[in-house]
Amino acid sequence: MKTQKQRSMAKYLAQIVVMGAQVIGRAFAKALRQEFAASRAAADARGRAGQQSAAASNISGMTLQEAQQVLNVTTLSPEEIQKVVRAKERLDEELKIEKQDQSSQTRSKTQQHPET
């Protein structure tokens, strides 16, 4: 059998645990409210630009971070972006040349070996 002292200690221990859980719960709720408020303030600060950026992500199917990662661009500077644009133009030209070359080879083979 438990003595009166043991029961009393168990009761106090339970009260301490409950009070500790309440304090932690209130602190967590307060931190959550602060984080939510900060997030909302940041979204409001971005305002229209944030909405436009989200729309651009939907249209392109790629987020800004993904685009930067693919292009290995860490900052959005006109110089960096211009390099990327020029690189794409160069690759497009090379694809065009290859397509023309393949087309001319196909025509050449057709002319050399006409079907009878």
Subset of region 62-116 that is outside any helix (DSSP H, G or I) and within 22 Å of residue 52 (Cα to Cα) - its residue that is least open to solvent (accessible area, probe 1.4 Å): 73
Residue in region 42-60 that is modelled with pLDDT of 80 or more, open to solvent by 100 Å² or more (accessible area, probe 1.4 Å) and in a helix (DSSP H, G or I) present: no
Boolean, residue 1 is open to solvent by 90 Å² or more (accessible area, probe 1.4 Å) and modelled with pLDDT of 90 or more: no
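The values are calculated or read from the model by the stated rules, or taken from the named source; none is laboratory data. In this text the structure is predicted, and so the values were computed from the model without any measurement. When the accessible area is computed, the model is the full protein with side chains, heavy atoms only, and any ligands, DNA or RNA have been set aside. Shrake-Rupley method; radii C 1.70, N 1.55, O 1.52, S 1.80 Å.
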